[in-house]
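Here is the structure we will look at.
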Amino acid sequence: MSLFAMEGVSKRFGGVRALSNADIAIEAGRIHAVLGENGAGKSTLIKIMAGVIAPDEGRMTLDGAPVAFASPAAANAAGIACIFQELSLIPDLSVADNISISNPPRRFGLIDRRAQRRAAEEALARAGAENIHPLALVKDLSLSRRQMVEIAKALARAPRILILDEATSALTAADVTKIYGVLKRLRAEGLALIYISHRMHEITELADECTVFCNGRSVATYAAGTKTDNEVVELMIGREYNAVFPPRPARAPSDAPPLLEVRKLTWTNRLSDISLRLHAGEVIGLGGLDGQGQRELLLALFGVLQGTTGEVAIDGKAVAISGPYAAKRREIGMALIPEDRKTEGLMLPMSVRDNLSFAALSRLSRFGVVDRTAERAAVDRVVRLLAVRTDGVDVPAGALSGGNQQKVVIGKWLMMAPRILLLNDPTRGIDVGTKQEMYQLLRALANDGAGILFYSTDYDELVGCCDRVLVMYDGAIVRELVGADITERALVSSALNLGTEPAAATTAQAAQP
Amino acid sequence: MSGDWSYWLREHRGTLLAFAAFVAMFAVYAANHPAGLNANVATTAANKGVLLAIVAMAQTVVVLTSGIDLSVGMVMVLANCLASTIVVGSPAATALGVVGVLATGCLCGAVNGVIVIYGRLQPIVTTIATGSVFYGAALALRRVPGGDIDSTLADALTGQLPGGIPASLVLLAALVVTVWMPFRRSALGRAAYAVGSSEVAAYMSGVPIRRAKFAAYMLSGLLASMAGLFLTCVTYSGEASAANGGSYTLYSIAAVVLGGISLFGGSGSAIGAIFGALMFRTIGDLLFVFNVEPLWQPLFQGVVLVAAVCLGSLRLLRIRNRLDLYG
């Protein structure tokens, strides 16, 4: 009998099936790896296990008895602890305070600091992080050390099942090695571990069993080591195609300098040595698993990150872009469609008209006064061009549907006729119809001479929309795929960094168009 | 473990800086006072300082949760008017009056808390509105200044102990030991810091967010009413003074900033705010001993405040992702 099992579990979000009829069985004293590409249902699965969301259908059993968790606290009480990617630590409190935050040891009603410190030291030692001082403030620790504290915090709750959701992605090499030892020891102590990682070599090193998810289904469970990497990739792909993409015109080679050229762009430890060339009329995709530095690359190009090194050239001339205001200047003409339209893209309570005009106000005004007539004409043109479905341009942007909000975000930047368009996963959470319109629009803009750099978590889009795709892994471009080479299989295997050719060779090719 | 002290220093840096700055300022003041530092000079200075210090403590507990309480001054004024009415008569009646004043303070804080937590209104708007209501109640109690307070109690709190120690300082120390320290060391106090530092992380960690906020607002009301009681002991009367209420509210925020408490919440200590308050008072006294016209006082207090805020924002220079500036 399994320690914990899920049978036939399904979950829908609106019209999207995130998980359908998924099965998984977890054994004590084993490390169970969960694999799958973006949106395969991994996150939904563990959120259900951890009590963050409730399943629509299916049953869960713990020690053979059916269970249901109403909250993360309930899952905790049942012995399931989860280490999420988003850190749940409180920056201004000490490490010891954080480790015992949900239930501090008390004496006479007050927190017993000595007992708390002992517990913290014990938990840190179990997590292999005894060199973190329990009195250190979390905000003074590096990301890697914080992640170690996060692991210690989970262990302090004495769980029977420990879920690690890409818990190693922020760790330094030294901490990763320690964590391997710790996880193996925990396994020997009889804990069940669920391990989600996109690093195949970690899975090879640690896992006893693997379950592969695809399209919200658990497609295969096998003992670790019984399948080759290629067979695993084969299991992970196979998404149904349901979108129609505009044709990609053949682009005549030209002698013009690239619209945007990036050489050896580096930022802290999140971006390393990024080089790319974007020509007028080209749509370049950014691929890879979520969180490999794609977002940072777009922000760096837009001038939001400080302390970047490397060179950026526009039309062959080196430029230093100091921020969004500089990026939208006529001679650069760069626009970024951000990831989160609600916080970074729109002022929700303000009208559609105001939202559309913001980025182009300086072009629509004379002597600092907005020219109302010019504004109205420009706004009307964009609303028609994008077919924004709205009850007039005076309704607040927040009243529009997700797809139409996204159109407003894009329309805002089209008002200033950008030459370089950076998009950060623009189709996430919008309906199929709007997606189609978006694909047509991107291609139309490119045909009119814009250069487009397009990050997407949806591999379909990368295959269907892009002339070239740059695949990122750990803050670097590891592979470039061109034309017919852009296939889902190639995208998945390079996203997992399983490419056979050395990465350096492909980037060198990329520099010679 | 060795090296504990360095972490202790790190955690209490703001408080220690406020303490050091106050000691330096006060030393200059005492050395230059025409009459020297005698017991009477110290007692007068202490009474003024302690009043603001208690209001600053009230402000601190709310600021720690990344809220703000703009009604502290008005709660103080209301408590002042109430105390000048009910803290009189026989010892038993006086004691009952004190309890009544403090209970009223708790009630005011609880009202703020309920509106902020369950009404989900911004603390700044809520407390401006409730502050106005509290002031209205104070005005209803005392249309014209007047009233009285039990003189034994008043003299005991504002006079000197044997040896010339100002009694008000002992009162302040007692408040720290009996109110602030237990709060800081309780699970609820920890939760208040957690909420102020990162509400999302606190929620994900199963911290009782609502209870922590409620406790903070209620404690703020309680401390503000103690300040009102103390004010009555100093003045022997009650006065529904809008100017007093408004300026004490603003000064309390100044004291909190000078005391090294982050207005974003989550870090700092009421002890820092106490020294911030004493420092703020000493600025005025310093100008007096150096024969500067009192008219300059607000200007100098403002300059010191701006300098303190600048010190507090030095960390922003280290930000690598500009989006973090606006997050």
Built amide H within the under 5 Å cut-off of residue A:217, gap 5+: A:20
Residue with peak Gaussian network fluctuation, chain B [Cα springs, cutoff 10 Å], from B:311, B:295, B:171: B:295
Calculated from backbone phi, Karplus (6.51, -1.76, 1.60) coupling profile of the range A:125-141 in Hz, x at Gly/Pro: 5, 5, 7, x, 10, 5, 7, 8, 6, x, 8, 5, 7, 4, 5, 8, 8
HN-Hα J in Hz across the range A:17-22 - Karplus 6.51, -1.76, 1.60, θ = phi - 60°, x for Gly and Pro: 8, 7, 8, 9, 6, 8
Phi to ³J(HN,Hα) by Karplus 6.51 cos²θ - 1.76 cosθ + 1.60 over the range B:299-305, Hz, x for Gly, Pro: 4, 5, 4, x, 4, 4, 5
Rotationally averaged projected area of the range A:77-235 (alpha carbon convex hull; nm²): 10.4 nm²
10 Å Cβ neighbours from other chains, averaged over peptide A:91-104: 5
Area projected by the alpha carbon convex hull of chain A, averaged over all directions, nm²: 26.6 nm²
Sorted by Cβ neighbour density within 10 Å, fewest at the top, the residues A:148, B:218: B:218, A:148
Over the protein assembly as shown: helical MRE at 222 nm, DSSP H runs n ≥ 4 each giving -39500 (n - 2.57), nearest 500: -15000 deg cm²/dmol
Alpha-carbon gyration tensor eigenvalues x 5, square-rooted, for chain B, Å: 30, 26, 19
Antiparallel bridges, percent of DSSP beta bridges restricted to chain A (to nearest 5): 60 percent
Point-charge dipole on Cβ atoms (K/R +1, D/E -1) for the protein assembly as shown, about Cα centre, debye to 20: 1060 debye
Entries of A:184/A:342; A:407/B:213; A:47/B:213; A:139/A:328; A:47/A:184; A:317/A:412 with Cα pairs more than 32 Å apart: A:184/A:342; A:407/B:213; A:139/A:328
Top of B:204, B:226, B:74 by mean-square fluctuation, Gaussian network on chain B, Cα under 10 Å: B:204
Loop-located chymotrypsin sites (Phe, Trp or Tyr not before Pro) in the range A:34-135 whose Cβ has at most 12 other Cβ within 10 Å (DSSP): A:108
Test item: Cα-centred dipole of the range A:341-417, Lys/Arg +1 and Asp/Glu -1 on Cβ, debye: 180 debye
Cut-off under 5 Å, modelled amide H: who pairs with residue B:160 long-range: B:167
Intensity falloff of the range B:1-143 expressed as log10 I(q)/I(0), Debye formula with alpha-carbon point scatterers, at q = 0.18, 0.22 Å⁻¹: -1.07, -1.23
Amide H contacts under 5 Å for residue B:186, placed H, 5+ residues apart: A:111
Nitroxide proxy distance, nm - points 7 Å out along Cα→Cβ at residue A:189 and residue A:343: 3.4 nm
Alpha carbon centroid spacing (whole Å) that separates the range A:1-57 from the range A:432-468: 32 Å
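All of the numbers you see were taken from the coordinates with simple rules; none came from a lab. Here the structure is a predicted model, which is why all the values come from computation and not from measurement. Every residue, glycine among them, receives a Cβ derived from its backbone with ideal geometry; neighbour counts consider all protein chains shown.
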